[in-house]
Amino acid sequence: MSSGRYARTRRAIRALPGLALAAALSTPAHGDGWAEQITRENAARLRVGGPDAVGGVGDWALGNGVLCAVVSDPSHESHLTPQGGVLIDLARCGLSHDTWNTVEGLLNMSRDRMLGASWIRAEPDRADGSVAIVTGSRVEGLELETTYRLAPDRPDVLEIATRATRREEEADVARAFLFGWVVLHGRRQLAPFTLHLAEGDSGVRQVGSVGFVHPDVDPDDTLTMVRAILPSDLHVLVGGDRQRPGVAYGLKLREAFLVSPDGSRQPLPALSLNGESFTMQAVFTRPLRFGGQSGIGWLELAQTLLMDLSPGEGLEITREIRVGARSDVASVTDQLWRDSPRVRGRVEPGARVHVFTRDEVPVTQARPDAEGRFAFHLPRGSYRLRVVGAADRQRSTSFEVGADGVELGELSLPPTGKVLLPRGRPMRLLFLRADGRKATFGDDHLGFRIGRHAFRGSQYGADVSLGGIDEDPRWLPLAPGRYEVIATRGPEFDLTRTAFDLKAGAEQAIRIDPPARVLSHPGWISADLHVHSEWSDDGNYPVDRQLAAFAAEGADWIVATEHDRVTDYAPRLKELGLSGSIQSLVGAEVTSSAHAGESPRSAGHSNVYPLPFDPLAYRGGAPVIEGRRLRDLIGDLRQHPEAPLVQLNHPRGRQPGDSDLNYFDHLSVVSRAFQPEATLDTWPNAVLVEPDPESGLRDLDFDLIELWNGASMSQYRAVRADWYSLLLQGEFRTGVANSDSHDRSELIAYPRTYLRIDGEADEQS
């Protein structure tokens, strides 16, 4: 992934110490719980389904007919450590809506002190009737044990209980002052809503809720990090707007105690942070001596300098996760307030409903059904409701919730116009207002922000891509006014235009000629060798929409390169009717993120293709990279009969601070950037040509280098200088250009690579 924002997110995980100085095809009936390891024989019964479900053979399944989960085997690497034993899939059984990425433990909120597991066991027949998966390890002088548990009296709650005990004094172990965990949801794959409210006889009142509007979090700015720390009762992570069915995850810290050797327990304070791509929570390892009543700041963090666990002391931390079956906050808060009165109403189906206290403190948020009906529970009290819809329309109203609930009736918004889109021909449409501004579409209306930066979801963009398929959108809402429409279809095609006036409440069909081909390239095909969709761990853009957008751009060949997951676009292309015009190749983007082992600064990102796809394997059989050097990955792949190519992705960052993702910015083992003006036998460049003692392979022995990634020209110029340096020293690598598109705002197939083929390519019109 090339996003600088995601790079800063992952650096945030290690920044805090500085402050302290496939569906479950058949599931048993409700009540018949299970906890067992996944095999090829039981995989169809035990695996979780959904766009981000990656668990496979060797991993461990937990379920009860209400919730289905998968915990990775310790031998399976995670996102931030070479070890597994972490929660990787979570859904309501049978709904195939898993969008959970991972939750990983870390000591002192440091990425260099991740708390992976070394052992795991299933407990399907516990004395209390619950089922559980238990993991553990010994790290930094701590004995760790985490239990993932489903209990019969709370079937819709996944409980996660962790015990961390300091067994004895050991040399060279870290002080333990913060014990935390991080949930990754890259590039706003899930939108975090933070709730911290108190309930009383008069309803809920403010104690610090921020909803979807979070403080700025910049790992390079200690002051903003401190200001971003919030108390919270609940984090609700809301899934993508187009996912069917929707999903939301409610994360709650239930309790945390310091346990003395004599068994006495003291409650511990906690803190939390949210960013575009992460949610972090942590507990202090000792009670605060002073402060903490009004939140966590410099005073409280300074006390961590005096904190540690003594031999025999330990932590007991209990968390819980609830899963909602809609992409809204109310699908989780309703589970907490199910005995409270009910609020009902109706809006247009595409609108979103936000609820606040009278003094504008966020309480919950709801998504209406296909007919526009909504309903949710609230404690009794006074509230304001805001309806937000397409074309920047809003409506607010106040209401009281009494013992019998409230019926709000129809909450209409000002009418828009309805634009009927052309059918059956691939093209991309841009709509220009009379003042020349682009019309935008696909806002999820959540209002999710980090500081001054708004993140509107993967569907948001300034164009409409039509693949010429039945699944294309048939119409879209627009504010009344005059519009010019421009149709495009990639660099080989002309542009066409039309204009129309749209009145409120009216329908207007767009009549526009499809762009004509003006450039042919016999013997060559156009390709995008770096593409993402909802199947990656850092986005939720529907794969069907991404493939339709590729067809709209008139490109010929696409490679599936989802993060750390082998995928195959061919079945979806066939179902969409696009296999006759688009060819695909199975692959993956191998994403190194751990600071561990032979690769203390990660091994960057590399696309690998073609790859064999094993649908029952963990991550589809993706190559292993965490804690290893690039030459180790290359050596593994050289053993494949398919002889996959290794493409070094975005070797340089788009801006300063991207270095974890960009191999030439750190060279994996020396934390120094490649020097294009220097020779390969000088430091630090020389690490690229160090041969492996066994295979003789070098980190430099990749096959292709991504010269151009997305829209950044400065990044392209930097990588081009590196490429020229290699060429002049006799190291020839094929240069390619790709979109690295993750969502609607990043154009797929721009830039693109042209490949020479035997014979002449069929022209696509």
According to the square roots a ≥ b ≥ c of the eigenvalues of the Cα gyration tensor, what is the shape class of the chain, taking rounded for a/c under 1.5, prolate for a/b larger than b/c otherwise, and oblate for the remainder? oblate
Radius of gyration and Dmax for region 88-232's Cα atoms, expressed in Å? 18.5, 55
Using +1 on the beta carbon of Lys and Arg, -1 on that of Asp and Glu, and nothing else charged, what's the dipole of region 634-765 about the Cα centre, debye to 20? 500
Which FRET efficiency value, to the nearest 0.05, do you get for Ala643 and Glu36 by plugging their Cβ-Cβ distance into 1/(1 + (r/R0)^6) with R0 = 41 Å? 0.65
Binning every alpha carbon pair distance of region 329-418 at 5 Å from zero, what are the percents per bin? 3, 14, 26, 27, 18, 7, 3, 1, 0
Rounded to the nearest 20 debye, dipole of the chain from Cβ charges on Lys, Arg, Asp, Glu: 2320
Roughly how many Å is it from the Cα centre of region 272-287 to that of region 388-405, as a whole number? 32
Based on the alpha-carbon gyration tensor of region 106-191 and its eigenvalue square roots a ≥ b ≥ c, which shape applies: rounded if a/c is under 1.5, prolate if not and a/b is larger than b/c, or oblate? oblate
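Loop-only chymotrypsin sites (Phe, Trp or Tyr not before Pro) in region 275-344, please: DSSP not H, G, I, E or B, and at most 11 other Cβ atoms within 10 Å. Walk me through the numbers on the way to the answer.
Working: sites: Phe278, Phe284, Phe290, Trp298, Trp337; in loops: Phe290, Trp337.
Passing both the DSSP loop test and the Cβ count: Phe290.
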Express the Stokes-Einstein translational diffusion coefficient of region 412-480 in µm² s⁻¹, to the nearest whole number, given a Kirkwood radius over alpha-carbon pairs, 20 °C and a viscosity of 1.002 mPa s. 155
Cα pairs beyond 18 Å in region 446-553, in percent, come to 64
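Take every Cα-Cα pair in region 593-640 and report what % of them are more than 14 Å apart.
Cα-Cα pairs of region 593-640 separated by over 14 Å account for 53 percent.
Quick one: if the Förster radius is 22 Å, what FRET efficiency do His453 and Thr397 give, using the C-beta to C-beta distance and rounding to 0.05?
Plugging the Cβ-Cβ distance into 1/(1 + (r/R0)^6) gives 0.15.
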Compute the orientation-averaged projected area for region 374-499 from the convex hull of its Cα atoms and round it to one decimal in nm². 11.2
Select from Thr682, Val590, Ile558 the residue farthest towards the positive end of the dipole of region 558-711; place +1 on Cβ of Lys and Arg, -1 on Cβ of Asp and Glu, and compute about the Cα centre. Ile558
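If Lys and Arg each add +1 and Asp and Glu each add -1, what is the summed charge of the other residues whose beta carbon sits under 15 Å from the beta carbon of Arg752?
-4
Find the percent of Cα-Cα distances in region 106-153 that exceed 16 Å, and round it to a whole number.
49
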So, with +1 on the Cβ of K and R and -1 on the Cβ of D and E, and no other charges, what is the size of the charge dipole of region 223-334 about its Cα centre, to the nearest 20 debye? 240
Can you tell me the length gained on complete extension of the stretch Arg511 to Glu316, counting 0.36 nm per residue apart and subtracting the Cα distance? 63.7 nm
Taking a temperature of 37 °C and a viscosity of 0.692 mPa s, what whole-number D in µm²/s does Stokes-Einstein yield for region 145-191 with Rh from Kirkwood over alpha carbon pairs? 226
Could you please put Thr285, Thr416 in sequence from largest to smallest accessible area, using a 1.4 Å probe? Thr416, Thr285
Karplus-derived 3J(HN,Hα), 6.51/-1.76/1.60, for each residue of region 727-732, Hz, glycine and proline x: 4, 5, 9, x, 9, 8
Nearest-0.05 FRET efficiency for Arg138 and Val406, computed from C-beta distance (R0 51 Å): 0.40
From the convex hull of the Cα coordinates of region 528-663, what is the mean projected area in square nanometres? 8.8
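The values are calculated or read from the model by the stated rules, or taken from the named source; none is laboratory data. Keep in mind that what you see is a predicted model, and the values were worked out from it rather than measured. Positions of Cβ are generated from backbone atoms using ideal geometry, with glycine treated the same way; all protein chains shown enter the neighbour counts. Heavy atoms of the whole protein, side chains included, go into the accessibility calculation; ligands, DNA and RNA do not. Shrake-Rupley method; radii C 1.70, N 1.55, O 1.52, S 1.80 Å.
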